[in-house]
Amino acid sequence: MQDVFACDRSPDGPRHVAIIMDGNGRWAARRGLPRLEGHRRGVEALRRTVRAAIELDIRFLTIYSFSSENWRRPAQEIGDLFGLLRIFVRRDLADLHARSVRVRFIGSRQGLPPDIAGLLGEAENVTGDNKGLTLVVAFNYGARQEILAAARAIAEAALRKKIEPGVLDEKSFEAFLETSDIPDPDLLIRTSGEQRLSNFLLWQSAYSELVFMPVLWPDFDRAALEEAINEFKGRDRRFGGLAAQAPSLKERA
Ligand code: IPE
Ligand code: IPE
Ligand code: MG
């Protein structure tokens, strides 16, 4: 697998950065503004971050933009967040395509308004052959739901005798995850000071380096991303072994 993901980035930098973009509401509340304004400024931070990721030669950027549990928010806010996704895809798709970004969505498309499901498919089709940054947008995503869907598909395949349960291993299990063709995140950042994963990439982040930053997402920029990357570079990734330069789990597989 590693050949597919090989690149010329400096060997000690993260190949895949995942971000829990948190703190939009608090950013707005501190300014006496409606939460929507925080979300709007969050989209601007996302644009900055995508550009910075390209400049820093990151190959995969995964962003958490709407969780399975965010349905618990008021209908008005959910509508606002869907509206911003529509705007982001419609307005930014041409620019992302011009920058050779390959856009992918993970998460359930069930329960989404039909026009949104259509837009997501369109963005993936238009950019599918691009060779630059892969931008993975986790929308209506929950890691437990993802793992459960994989378990269900595997159980069904076993019933149809397509899979032998005894030979199922990490690699063949991963083939049932939506991220099967994406390497695990090396660096996982959460903004806003909260220190939890909130149902994000639970399987994939088993050996990710976690960096929690106080900055609220609308204030995030290239300098903040570089700060997180520097923190990452100072970490000693051992993957359960002893050597400082232990190979990643996937590379050893
Ligand atoms: C992150 O900001 C955006 C989403 C979760 C969609 P929040 O809306 O969670 O902002 P806070 O946590 O209330 O500040
Ligand atoms: C996680 O943030 C989800 C996204 C950033 C999309 P939340 O703000 O929803 O998480 P909790 O509720 O604080 O755990
Ligand atoms: Mg939050």
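The values are calculated or read from the model by the stated rules, or taken from the named source; none is laboratory data. Nothing here was measured: the structure is a model prediction, and the numbers come from that model. All Cβ positions, glycine included, derive from the backbone under ideal geometry; neighbour counts span all protein chains shown. Heavy atoms of the whole protein, side chains included, go into the accessibility calculation; ligands, DNA and RNA do not. Shrake-Rupley method; radii C 1.70, N 1.55, O 1.52, S 1.80 Å.
Couplings 3J(HN,Hα) of the range 184-197, computed from phi: 5, x, 7, 10, 10, 10, 10, 8, 5, x, 5, 10, 7, 9 Hz, in residue order, whole Hz [Karplus 6.51 cos²θ - 1.76 cosθ + 1.60, θ = phi - 60°; x for Gly and Pro]. Solvent exposure of the chain amounts to 51 Å² per residue of accessible area, where only protein heavy atoms count and the probe is 1.4 Å. Here the simple spin-label model places points 7 Å from the Cα toward Cβ, and for Glu170 and Asp236 these points are separated by 2.1 nm. Given in Å, the Rg to one decimal and the Dmax to the nearest whole number for the Cα atoms of the range 1-158 are 16.7, 55. Taking every lysine pair in the chain that is 8 or more places apart or spans two chains, those with Cα atoms closer than 20 Å amount to 4. Taken along its three principal axes, the alpha carbon spread of the range 68-179 comes to 48, 38, 20 Å, from the longest extent down to the shortest. Ordered by solvent-accessible area of protein heavy atoms (1.4 Å probe), largest first, the residues Leu201, Leu56 come out as Leu56, Leu201. Each of Asp129, Asp236 has its accessible area taken with a 1.4 Å probe; listed largest first, they run Asp129, Asp236. Positive end of the dipole of the range 7-106 (Cβ unit charges, origin at the Cα centre): among Phe105, Gly32, Val43, the Cα lying farthest that way belongs to Gly32.
From Cα pairs below 8 angstrom and at least 6 apart in sequence, can you work out the relative contact order of the range 1-114, rounded to a whole percent? 26 percent. Just the protein heavy atoms count here, and of the accessible area of the chain at 1.4 Å, carbon and sulfur take up 51 percent. Using 0.36 nm per residue and subtracting the Cα-Cα separation, the extra length available between Arg91 and Leu159 on full extension is 20.0 nm.
Charging the Cβ of each Asp and Glu at -1 and of each Lys and Arg at +1, and nothing else, the dipole of the chain about its Cα centre rounds to 480 debye.
Given H placed on each backbone N at 1.01 Å, which residues far from Ile163 in sequence or on other chains put an amide H within less than 5 Å of it? The list, which skips near neighbours in sequence, is Ala158. With viscosity 1.002 mPa s and temperature 20 °C, the Kirkwood radius over alpha carbon pairs of the range 100-251 converts through Stokes-Einstein to a diffusion coefficient of 120 µm²/s.
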